[in-house]
Amino acid sequence: MKAITATSVKRARRGSLANRLQPAVGPLLLLALWYVAAITGLLNTRLVPAPGPTFVTTWAALVHGTMAHDLTRTLVRVLYAFAIAAGVGVPLGILIGAKDRVYRSVEFLIDFFRSTPSTALFPLFMLMFGLGEESKVGLAAFAAFLIIVFNVAYGVLNARKTRILAARSMGASTLRIFGDVIFLETLPQTFVGLRAGVSIALVVVVVAEMFIGGVDGMGHRIIEDQYSYNLKDMYGSLLVSGVAGYGLNYLFLLIERHFVHWAGR
Amino acid sequence: MSQEALQRSTAPRVGGAPRVEAAHATSTRRGVEVRGLTKQFDDGYIYRDFDLDLRDGEFVSVFGPNGCGKSTLINMISGMAPMDAGSVQFNGKPIAETRLSYVFQNYRDALFPWMRAIGNIQYPLKLLHLDRKSRDRRVESLLAEFDIRIDLHRYPYELSGGQQQTISILRALITDPEILFLDEPFSALDYEMTLFMRERLQHVFMKRRNTMVFVSHDLEEAVQLADRVLLLTRPPTRVAEIVPVDLPWPRDAKTLSNPDFVAIKSHCLDVFSREVARGQ
């Protein structure tokens, strides 16, 4: 491990430009492959359009068409779902994790629902919340909540006891210990949950837009494109959804790095 | 605790109480009184009907065989760990009403890494609801008192081990505790830093003269710092002997080769070896 790290450090110092371009190699290779496959006829362009026309269509849809609107709708739903999931999941996770006994008694429930594919709950949520926003956001919030609550509770459970003891020896009340110590102590693990949660929220929202009645959103757009055989727009929507997911994850990584500067040090 | 009480307590004490006075303890200055302390673990009693008296304002080192429960003892005395039976009083009042501080062996796990060093030191004052101004003032006077030259606007993980433990000790001192518990505070430091920190701690003791209970696994350190060394037996743990260390303060690296020091240390070692052998 150490040897590898040392080498990569050395590599990083040498030629920073080449180093910075390294992450682009994979995507460029895939693009090249896509392009070559399209022009040589290796891929049926009726099923997989060439990259050039796909990008042109996507750009037009984003700037002049309705794709930006669909993207915004999807992201807003993800945001609502995530806010609910985090707002409930983080405090509840701290409470559950604080008492070993409480955690043990709900551990199975959390694990069970976490293992159940959330998409299997579509019918249930449609029955409960109807075909509107509530069921889409609700289901995504539920899926994200489970991941967040599990990670937070796990983090609290495995928090180093010394800091809690230290705060107690200074006369901190239980409430202060929760706020000043346990919450922050758990923050690195909480962020693991938040990042996983926002990713799953996006997945569930997109799928929900496909199957729970609706008129907008990236999921809705993709399934409509498929019905109407509008494949260039479909691939474009896939790419844009992917970029959105990656962007969300990266955004959380940046927030985490800013707030949890002490992690691993 | 009220703010006035705190301020009163920080008023400089004139010198330290002479040793003789501590021996003739008055009714209110009885020091630490442990009575009937009992603690049972899965494999039997670790303490059974254990009594102990520590004088107010003395520095006591706790030393003993592995597994005799040195840390458990100070955790129970300080009220951080529950005991099965018994009572602990300090100067005639329950330990829960005593202003005490605790320094942990593992400073990495005891400091708050999300706070800068200054925030760590001020945290106990925040718990006492002191406003920012008085917090700053107290930190300033503490730093001046001990001539600390550490950049307090760094985070703990940016400091060396010795600096981190210094911050821990400052955090423990900021409330001007009546009694300070230290659980092997220097065992994670290298020898050079340990020697330096021993001097620094003596400096604190000579200025403050608060009661110090210092757990150590290093006999040299235990003898060097203490007024009295408390030697424990194997469990069920009793007091093997309490050895007085009548050497002048401060005790620097030269003291370590002083014949009196060597004699006391070797006596402690004899008692220790006897107790270790008895358990086998």
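The values are calculated or read from the model by the stated rules, or taken from the named source; none is laboratory data. Remember, it's a predicted structure, so these values are computed and weren't measured experimentally. Quick reminder, even Gly has a Cβ in these numbers, built from the backbone with ideal geometry, and neighbours come from all protein chains shown. Only protein heavy atoms, including side chains, enter the accessible area calculation; ligands, DNA and RNA are left aside. Shrake-Rupley method; radii C 1.70, N 1.55, O 1.52, S 1.80 Å.
Here are the numbers for the structure shown:
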{"quantity": "Test result for B:Ser187, under 30 Å from B:Gln89 (Cα atoms) and surrounded by fewer than 18 Cβ atoms within 10 Å (Cβ to Cβ)", "calculated": "yes"}
{"quantity": "Test for B:Ala117: is it within 14 Å of chain A (Cβ to nearest Cβ) and open to solvent by less than 20 Å² (accessible area, probe 1.4 Å)", "calculated": "yes"}
{"quantity": "Residue within segment A:117-138 that is closer than 20 Å to A:Ile84 by Cα, touching a Leu at 6+ places or on another chain (Cβ under 9 Å) and of a type in the set (Val, Ile, Thr) present", "calculated": "yes"}
{"quantity": "Given (1) modelled with pLDDT of 90 or more; (2) touching a helix residue (DSSP H, G or I) at 6+ places or on another chain (Cβ under 8 Å), index of the condition B:Glu158 fails", "calculated": "(2)"}
{"quantity": "Counted residues, segment A:93-110 - those being open to solvent by 40 Å² or more (accessible area, probe 1.4 Å) and of a type in the set (Ser, Thr, Tyr)", "calculated": "1"}
{"quantity": "Candidate set: segment B:204-232, residues that are under 22 Å from B:Val262 (Cα atoms) and assigned to a helix (DSSP H, G or I); chosen: the one most open to solvent (accessible area, probe 1.4 Å)", "calculated": "B:Glu220"}
{"quantity": "Qualifying residue in segment B:140-155 (condition: within 13 Å of chain A (Cβ to nearest Cβ) and either under 20 Å from the mean Cα position of the chain (by Cα) or over 27 Å from B:Lys254 (Cα atoms) (or both))", "calculated": "yes"}
{"quantity": "Residue that is within 14 Å of another protein chain (Cβ to nearest Cβ) and among the hydrophobic types (A, V, I, L, M, F, W, C), where the choices are A:Phe191, A:Phe252, A:Phe211", "calculated": "A:Phe191"}
{"quantity": "Matching residues, segment A:146-174, being under 19 Å from A:Gly87 (Cβ atoms) and either within 7 Å of chain B (Cβ to nearest Cβ) or of a type outside the set (Phe, Trp, Tyr) (or both)", "calculated": "A:Leu146, A:Ile147, A:Ile148, A:Val149, A:Asn151, A:Val152, A:Ala153, A:Gly155, A:Val156"}
{"quantity": "Selected residue [under 17 Å from the mean Cα position of the chain (by Cα) and at pLDDT 90 or above] from B:Phe104, B:Phe112", "calculated": "B:Phe104"}
{"quantity": "Answer from A:Leu131, A:Leu121 - the residue that is surrounded by fewer than 18 Cβ atoms within 10 Å (Cβ to Cβ) and either more than 14 Å from chain B (Cβ to nearest Cβ) or in contact (Cβ under 8 Å) with a residue 40 or more places away in the chain (or both)", "calculated": "A:Leu131"}
{"quantity": "Selection status of A:Gly247, out of contact with any Asp or Glu (no Cβ under 9 Å at 6 or more places or on another chain), open to solvent by less than 50 Å² (accessible area, probe 1.4 Å) and within 13 Å of chain B (Cβ to nearest Cβ)", "calculated": "no"}
{"quantity": "Checklist (1) assigned to a helix (DSSP H, G or I); (2) within 14 Å of chain B (Cβ to nearest Cβ); (3) of a type in the set (A, V, I, L, M) applied to A:Val206, failing item", "calculated": "(2)"}
{"quantity": "Selected residue [within 30 Å of B:Ala110 (Cβ to Cβ), of a type in the set (Gly, Ala, Ser) and surrounded by fewer than 18 Cβ atoms within 10 Å (Cβ to Cβ)] from A:Gly171, A:Gly193, A:Gly155", "calculated": "A:Gly171"}
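Every residue, every condition in (1) surrounded by 16 or more Cβ atoms within 10 Å (Cβ to Cβ); (2) farther than 29 Å from A:Lys136 by Cβ; (3) in contact (Cβ under 8 Å) with a residue 24 or more places away in the chain; (4) not basic (Lys, Arg), yes or no:
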residue: A:Leu43; (1), (2), (3), (4): yes, yes, no, yes
residue: A:Leu47; (1), (2), (3), (4): no, yes, yes, yes
residue: A:Ala61; (1), (2), (3), (4): yes, no, yes, yes
residue: A:His69; (1), (2), (3), (4): no, no, yes, yes
residue: A:Leu75; (1), (2), (3), (4): yes, no, yes, yes
residue: A:Pro91; (1), (2), (3), (4): no, no, no, yes
